[in-house]
Amino acid sequence: MKIGFGFLIYDRIEQDELWLKYVKDKSCEIRIHAKFDTKLHDTFKPYCIDSIPTQYRKISIVKANLLLLESLFTETDVSCVILLSGSCFPIEPYDTIEQSLVDEPQSRFADLTYNRNNHIYDRCSKLTESIIKKEEFKKQQTNCIIFREDYDKLMPHMEYFLNVFKYVDTPEEHFLINMFRYYNVSYIPRVVCMAHKQQCMAQAYDIPEVSKEYIMIAKKGEHFLFEKLDMIQLYQNL
């Protein structure tokens with residue numbers, strides 16, 4: 001099992017020194033889509049792919065993530081890709097994550113239905129074709145895991161789905177999971193990245209303190225990563 005890490009970042013990977021230690025001597029691959037690379041650690045710069053202009057909550061974010069998937073699946077022999085932001089860091093050891101993916105070799109999404117102020121229904125209404133019923137329109141975290149076999153099945157349909165989703169607000173929270181469902185590709189409905197205790201929304205909150213209780217919640221839910229947290233607090237409590 002070879003894991004690919006695909007980072008979609010603004011200008012840096014938080015805790016880059018810890019990430020370098022985490023992947024050292026591991027059989028993994030890294031690709032980075034950086035809006036700017038001015039603060040990126042020099043060791044990571046060779047892993048940057050050609051970037052495209054991106055806009056907040058626009059389809060360009062989806063396209064950037066697809067470029068990461070394309071680069072990792074076509075240029076390397078990874079079995080799966082974990083899509084990450086620049087503020088993610090693993091809560092589990094590399095070998096634990098690898099073994100979990102060996103034991104359950106399926107793509108994974110946070111399968112969310114939280115519909116505050118009918119925002120999911122509103123976003124569904126912006127599809128250029130009404131191919132998904134609003135009651136079935138799913139939400140996900142951007143941080144997810146895609147396996148090669150699933151990517152190969154869906155790749156021929158990417159352009160069509162990009163067109164269908166091009167006017168959807170925050171499409172990165174809906175694109176892949178609804179594509180999997182529309183084309184009947186199975187996945188494990190599990191949160192990959194612990195964004196906050198509620199675990200019902202896609203966006204992450206800043207985490208000023210990571211208690212042992214918080215870590216146990218993540219481990220019990222089989223989450224692999226945290227997002228937007230105080231790394232010093234994390235390592236004091238591990």
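Right, V210: open to solvent by less than 90 Å² (accessible area, probe 1.4 Å) and at pLDDT 75 or above or not? Considered against the rule, which asks whether it is open to solvent by less than 90 Å² (accessible area, probe 1.4 Å) and at pLDDT 75 or above, V210 comes out as no.
Condition check ((1) over 21 Å from S186 (Cβ atoms); (2) surrounded by 13 or more Cβ atoms within 10 Å (Cβ to Cβ)) across all residues:
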position: Q55; (1), (2): yes, no
position: E75; (1), (2): yes, no
position: C80; (1), (2): no, yes
position: I91; (1), (2): yes, yes
position: N115; (1), (2): yes, yes
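Do we find that I32 is aliphatic (A, V, I, L, M), closer than 23 Å to R190 by Cβ, within 14 Å of the chain's Cα centre (by Cα) and surrounded by 13 or more Cβ atoms within 10 Å (Cβ to Cβ) in this structure? Against the criterion (aliphatic (A, V, I, L, M), closer than 23 Å to R190 by Cβ, within 14 Å of the chain's Cα centre (by Cα) and surrounded by 13 or more Cβ atoms within 10 Å (Cβ to Cβ)), I32 does not qualify. Only one entry of K21, K45, K26 meets the criterion of being under 29 Å from E213 (Cα atoms) and surrounded by fewer than 14 Cβ atoms within 10 Å (Cβ to Cβ), and that entry is K21. Go through segment 128-141 and give me each residue that's surrounded by fewer than 19 Cβ atoms within 10 Å (Cβ to Cβ), part of a loop (DSSP other than H, G, I, E, B) and touching a residue at least 40 places away in the same chain (Cβ under 8 Å). I131, I132, listed by residue number.
Restricting S71, S107 to those that are within 30 Å of E213 (Cα to Cα), in contact (Cβ under 8 Å) with a residue 24 or more places away in the chain and crowded, with 19+ Cβ neighbours inside 10 Å reduces the list to S107.
The values are calculated or read from the model by the stated rules, or taken from the named source; none is laboratory data. Model, not experiment: these values are computed from the prediction. Neighbour counts run over all protein chains shown; Cβ positions are idealised from the backbone, glycine included. The protein model used for the area step is the full one, side chains on, heavy atoms only, and it has no ligands, DNA or RNA in it. Shrake-Rupley method; radii C 1.70, N 1.55, O 1.52, S 1.80 Å.
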